[in-house]
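Computed from the coordinates by the stated procedures, all read-outs in this text should not be read as laboratory data. Worth saying up front: this structure is predicted, and the values here are computed from it rather than measured. Note: ideal-geometry Cβ built from the backbone for every residue, glycine included; neighbour counts use all protein chains shown.
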Amino acid sequence: MKVLAFNSSPRMDKGNTAMILTPFLEGMREAGAEVELFYTKKLKINPCQGNFICWFKTPGKCFQKDDMQMLYPKLREADIWVFATPVYVDGITGPMKSLMDRLIPLIQPFFEMRDDHCRHPLREGTKHGKIVLISNCGFWEMDNFDPLLVHIKAACKNMKREFAGALLRPHGPALRGMMEREAPVDDIFEAAKEAGRQLVRDGEMSVKTLDIVSRTLMSLDVYVQKINQYDQETLDALEKK
Ligand SMILES: Cc1cc2nc3c(=O)[nH]c(=O)nc-3n(C[C@H](O)[C@H](O)[C@H](O)COP(=O)(O)O)c2cc1C
């Protein structure tokens, strides 16, 4: 099984998104998947130019000579695409959106009806695989992921891929601090790893496992107080310099 993962946090492996993505991919590898991970920050992916050259003049081929040319064969062959992104202004990051927009060479210009809805047929040679969303956000509540979930589920229908589920980490910045203070958070990393194993081994992730990844780390009141205290101390320290 081939897995192609993208982490669109500009903080790359040092970020909070990576704290969930890393064990998830480890679990996938343990279960026998061949995993490739890319950081969008290290890739050159221009925005789509919207001229539909990839649909009419050179069907299936984008004219832009950037890193998408290296990624297209990998995207076509992968059984699972993992889209990992922090929440940025209630959505995915800009680089992740550019990557997703550049997927249109994989589909055809024609319309067909699927589940009573207009869709594009997938071009020959692209697997009907799955998409997993991995995200973390700064605010405390789970509903901060609602716009991303609606978006990625809709994109799955658009790209004829199955939505395999999401690993969501609300109040994500709290996790690193707790880990560094050796607070008991290993269950979250173990659940992320287990979700990776499950998806490769069983073809699905259990709700129970995903719920552990998202579990409350501290009460809303405590989190708000800690964030505000940290922000104030950071501002004060910089003012003194
Ligand atoms: C430009 C920007 C926009 C953000 N917008 C939101 C937001 O709308 N909702 C939210 O809960 N967190 C938001 N955050 C916080 C990030 O989601 C949070 O810090 C996350 O842990 C960053 O993940 P990373 O370390 O992997 O980059 C935003 C952060 C940045 C830099």
### Approximate shape of the chain as ellipsoid semi-axes (Cα gyration tensor, √5λ), whole Å, largest first
34, 21, 16
### Message
Please list 3J(HN,Hα) in residue order for the range 163-177, calculated via the Karplus relation 6.51 cos²θ - 1.76 cosθ + 1.60 where θ = phi - 60°; whole Hz, with x for glycine and proline.
### Response
7, 8, x, 9, 9, 10, 10, x, 5, x, x, 5, 5, 5, x
### Query
With charges set only on the Cβ (+1 for Lys and Arg, -1 for Asp and Glu), what does the dipole of the range 95-241 come to about its Cα centre, in debye to the nearest 20?
720 debye
### Message
What does the C-alpha gyration tensor say about the overall shape of the range 1-71? Classify as rounded when a/c is under 1.5, otherwise prolate if a/b is larger than b/c, or oblate.
### Response
oblate
### Query
What value, in deg cm²/dmol to 500, does the helix sum -39500 (n - 2.57) over DSSP H runs of n ≥ 4 give at 222 nm once divided by the residues of the chain?
-13000 deg cm²/dmol
